[in-house]
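The values are calculated or read from the model by the stated rules, or taken from the named source; none is laboratory data. Fair warning: this is a prediction, and the values are worked out from it, not measured in the lab. Reconstructed Cβ throughout: ideal geometry from the backbone, glycine too, with neighbour counts over all protein chains shown. Protein only, heavy atoms only, side chains kept; ligands, DNA and RNA dropped before computing areas. Shrake-Rupley method; radii C 1.70, N 1.55, O 1.52, S 1.80 Å.
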Amino acid sequence: MRVLLVEDEVRLAENLAAALRDGPGFAVDWAEDGQMGDDCACNRCYDLIVLDLMLPKLDGLSVLKRLRGRQDSAPVLILTAKDGADSIIELLNAGADDYLAKPFDLGELIARAKALIRRGKGTADPTLVVGGLEMNTLEQIVRREGVLIDLSPTEYHILEYLMHRPRVIVSKRELLEHLYDYNWEHHSNVIEAHVSNLRKKLDGALPEPAPVIETMRGRGYRLAPELPQEQAEDATQDQAQNEDQ
Ligand code: CA
């Protein structure tokens, strides 16, 4: 999952970025003022935006209004020093999804961030189920047909991304963008190696497994061809709607 953090206080931003990377393993882009935050949000699709209100160049409320004005529905968690009821109502009306008043507990930030990302993907339940695969996103545990599968953090995050989009084709570029920070150098063969290991582990869990991750030549990967027909139809409809937009 890729998070945009818009926060001008350097020490706080560093602590937040470290917490978001280390705990749930998000990729974090940091913008140190509102204008940079707006530019980043224009250029990329984020799974979550953590937005401070008092920012140089462009304040957080304006960043939020511009975002929603572009019909960008990325979940937004506001960090606010203000706690007046009026400003909270204004923020929620402007399209904020949640807020935290400073000072806040990092654990609470992480919990709210995860909940917003789940809701943003249309799943409030922390357990993802696709076909015979089950992922508990709170404990970061994966099972296939009940068999526990031990994954590296990167393998886990690739699978998590795919499980949020069953039967949708996900390109290597999209995986790279959602797994790694913008200032890291990564190539698509890194993704190939991780997917290859992930596939071996998922298929190694069962004596005669149907492959769960399909490679779509030149296009990317797709999860769960073994998906029950009903779920598959829902996902195909969702994808058709997304492509129409
Ligand atoms: Ca600030």
Ellipticity estimate at 222 nm from DSSP helix runs (n ≥ 4, -39,500 (n - 2.57)) divided over the chain, nearest 500: -14000 deg cm²/dmol
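Using a ≥ b ≥ c from the Cα gyration tensor of region 2-120 (square roots of the eigenvalues), is it rounded, prolate or oblate, where a/c under 1.5 gives rounded and otherwise the larger of a/b and b/c decides, a/b for prolate? Walk me through the intermediate numbers first.
Values: a/c = 1.24, a/b = 1.14, b/c = 1.09.
Here region 2-120 falls in the rounded category.
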Heavy-atom accessible area per residue, region 91-227, 1.4 Å probe: how many Å²? 51
With contacts defined as alpha carbon pairs under 8 Å and 6 or more residues apart, what's the relative contact order of region 2-120 in percent? 25
Do you know the relative contact order of region 127-229, to the nearest whole percent, from alpha carbon pairs under 8 angstrom that are 6+ apart? 29
Cα-centre dipole for region 2-120 with unit charges at Cβ (Lys and Arg positive, Asp and Glu negative), debye to 20: 460
Taking the Cβ of ARG144 as the center, what net charge do the other residues with Cβ under 10 Å away carry, scoring Lys and Arg +1 and Asp and Glu -1? -1
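Can you tell me the relative contact order of the chain? Whole percent, Cα pairs under 8 Å, sequence separation 6 or more. Working shown, then result.
Values: 374 pairs, mean separation 38.3, N = 245.
This gives 16 percent for the chain.
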Quick one: among ILE169, ILE89, ILE213, which has the greatest mean-square fluctuation in a GNM of the chain with alpha-carbon springs under 10 angstrom? ILE89
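Between ASN93 and ARG119, what length comes free when the chain is fully extended (0.36 nm per residue of separation minus the Cα-Cα distance, one decimal in nm)? Please list the in-between numbers first.
On the way: separation 26, 0.36 × 26 = 9.36 nm, distance 1.82 nm.
Gain on stretching ASN93 to ARG119: 7.5 nm.
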Region 127-229 -> Rg/Rh from Cα coords, Kirkwood Rh, value 0.94
If I compute solvent accessible area with a 1.4 Å probe over the protein chains, what percent of it on the chain is carbon and sulfur? 48
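What size of dipole, in debye to the nearest 20, comes out for the chain about its Cα centre when the only charges are +1 on Lys and Arg C-beta atoms and -1 on Asp and Glu C-beta atoms? Don't skip to the end; give the middle numbers.
Details: 28 positive and 43 negative charges, 94 e Å.
Rounded to the nearest 20 debye, it is 460 debye.
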